[in-house]
Amino acid sequence: VRVLTRSTPARLMVTELMILCNSLLAEFCRREQIPAPYRSQSAPDMTDVLTVTPEGPLRWYLAIRRLLPAELNTVPGAHAGLGVAAYIQATSPLRRYHDLVVQRQIGRYLSSGTLIYSTEAISEVAQRAEVQLREIRKLEEERNRYWFLKYLKQRIQRDEGSDSPHLFQAVVLDNPQRRTALVELVEYPFRTRADLPDSYGPGDAATLRLHGVDLWQRSGQFIHVP
């Protein structure tokens with residue numbers, strides 16, 4: 001198991017170019033009044049998160065919680081998360097069907113000035129694709145979680161009988177009263193729950209020992225080490 005760095009120059013360049021392309025296509029569709037599935041997102045208030053919380057897992061966790069869900073609509077609107085006036089998804093036609101629909105729509109308009117899909121057809125395709133993509137993302141998250149937990153379980157089985165405990169450094173994200181704390185491992189982008197004393201607050205560092213893994217429940221049993 002290894003952690004991929006998403007912020008490499010090559011990955012950032014591809015990401016920014018995709019955002020640029022999608023935003024330019026959205027502006028074109030809006031200007032030419034071409035029916036298209038626009039994605040919009042209202043701007044959340046991040047002032048306290050950005051000014052008070054230092055850079056790290058806790059800031060990322062709090063920022064994601066503040067983000068409002070993106071909306072899919074045939075009426076264009078600003079996308080605050082990406083910082084663009086209008087946005088559609090059209091750069092991944094092999095992975096998302098509604099991207100292919102958008103490319104067909106724009107291609108037909110450029111070649112003949114006519115449209116393939118009406119506003120109602122675009123809305124139907126986009127809504128159906130949104131549900132399917134949400135289910136796919138959930139499956140991908142569960143798959144990644146399963147294989148990482150299987151990796152941890154293999155580590156336990158490999159070192160069974162040895163005196164070296166499986167210790168992990170973690171950052172506390174939330175520690176509500178009468179509930180287990182939510183933590184994120186420092187070495188891996190993996191979140192789990194563990195019993196911590198009430199004295200631990202968000203942003204504090206904690207040492208955890210891996211006690212066991214339940215693949216059926218997709219959970220790891222981590223014990224606090226004082």
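Values computed for the structure shown
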item: Some residue of segment 35-45 being open to solvent by 90 Å² or more (accessible area, probe 1.4 Å) and either under 30 Å from Y146 (Cβ atoms) or not in a loop (DSSP other than H, G, I, E, B) (or both); result: no
item: Residue among A194, A206, A181 that is closer than 23 Å to W60 by Cα, surrounded by 19 or more Cβ atoms within 10 Å (Cβ to Cβ) and either in contact with an Asp or Glu (Cβ under 9 Å, 6 or more places away or on another chain) or without any contact (Cβ under 8 Å) to a residue 24 or more places away in the chain (or both); result: A181
item: Inter-residue pairs, beta-carbon under 6 Å, first within 15 Å of A205 (Cβ to Cβ) and in segment 53-66, second among the small types (G, A, S), 6+ apart; result: L58/G203
item: Any hit, segment 54-76, residues being at negative phi, surrounded by 13 or more Cβ atoms within 10 Å (Cβ to Cβ), of a type in the set (V, I, T) and out of contact with any strand residue (DSSP E or B) (no Cβ under 8 Å at 6 or more places or on another chain); result: no
item: Filter pass, L50 being of a type in the set (A, V, I, L, M, F, W, C), within 21 Å of the chain's Cα centre (by Cα), part of a helix (DSSP H, G or I) and surrounded by 14 or more Cβ atoms within 10 Å (Cβ to Cβ); result: no
item: Residues satisfying the stated conditions in segment 117-165, i.e. of a type in the set (G, A, S) and either surrounded by 13 or more Cβ atoms within 10 Å (Cβ to Cβ) or part of a strand (DSSP E or B) (or both); result: A121, S123, A126, A129
item: Residue check, E140 under 30 Å from V1 (Cα atoms) and not aromatic (F, W, Y); result: yes
item: Filter result for the condition that a residue is within 24 Å of the chain's Cα centre (by Cα), of a type in the set (S, T, Y) and not in a helix (DSSP H, G or I), over T91, T114; result: T91
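Residues are listed down the side, and each one gets a yes or a no for (1) of a type in the set (A, V, I, L, M, F, W, C); (2) closer than 30 Å to V225 by Cβ; (3) free of Cβ contacts under 8 Å to residues at least 60 places away in the same chain:
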site: A90; (1), (2), (3): yes, no, no
site: G107; (1), (2), (3): no, no, yes
site: L115; (1), (2), (3): yes, no, no
site: L152; (1), (2), (3): yes, yes, no
site: D159; (1), (2), (3): no, yes, yes
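The values are calculated or read from the model by the stated rules, or taken from the named source; none is laboratory data. Just so it is clear, the model here is predicted, and its values are computed rather than measured. Reconstructed Cβ throughout: ideal geometry from the backbone, glycine too, with neighbour counts over all protein chains shown. The protein model used for the area step is the full one, side chains on, heavy atoms only, and it has no ligands, DNA or RNA in it. Shrake-Rupley method; radii C 1.70, N 1.55, O 1.52, S 1.80 Å.
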